[in-house]
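The values are calculated or read from the model by the stated rules, or taken from the named source; none is laboratory data. Values in this document were obtained by computation on a predicted structure and should not be read as measured data. Glycine gets a Cβ as well: all are built from the backbone with ideal geometry, and neighbour counts include every protein chain shown.
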Amino acid sequence: MRDIKPEGDFVVQGNFTVNEAPQEQFIPFEQMGMEDLRANLEHHSLLAKDERSRINGISFKLLGAALSVGMVLAIWYYIAGKTDLAMFLVGIFGVGMPVALAIKNGEKQSEFELRQLSTIRYISNLIRERTPR
């Protein structure tokens, strides 16, 4: 890119290759063969699984952090001798909110995951339609 100037001229000192089109042509799912459909189904299933693992990882990390903080607070209050109701409620809300957030985050599907699941359903329907009975 450093050889291309805004005036439209460019100087090349060595090999310069321009690819005008992608090497692979786009083929719609409707025009693919059964092997290509199955390969795409496996690919999109793997993408959806990886996205679900990523979301679950975030949720479990948040849940683990909340439980760790809860344990530290419980030990702190036990050592300090403060076992009254106010401290208990503060601890419950301090741990309960991240736990609720972790559960909410774990149940919600991301836009990427929804797209992958939709594509998986579509490819599965195409395979089912093409399979002789």
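Filtered by the rule that a residue be of a type in the set (Gly, Ala, Ser) and touching a Ser or Thr at 6+ places or on another chain (Cβ under 8 Å), the stretch 90-133 gives Ala102, Gly106.
Within the stretch 35-57, the set of residues being more than 16 Å from Phe112 (Cα to Cα) and hydrophobic (A, V, I, L, M, F, W, C) comprises Leu37, Ala39.
Could you please let me know if Ile27 is modelled with pLDDT under 90 and in contact with a Gly (Cβ under 8 Å, 6 or more places away or on another chain)? The answer is no for Ile27. Of the helices (runs of 4 or more DSSP H) lying entirely inside the stretch 27-133, the ones with 3 or more residues being surrounded by 14 or more Cβ atoms within 10 Å (Cβ to Cβ) and over 24 Å from the mean Cα position of the chain (by Cα) are found at 34-80, 85-107.
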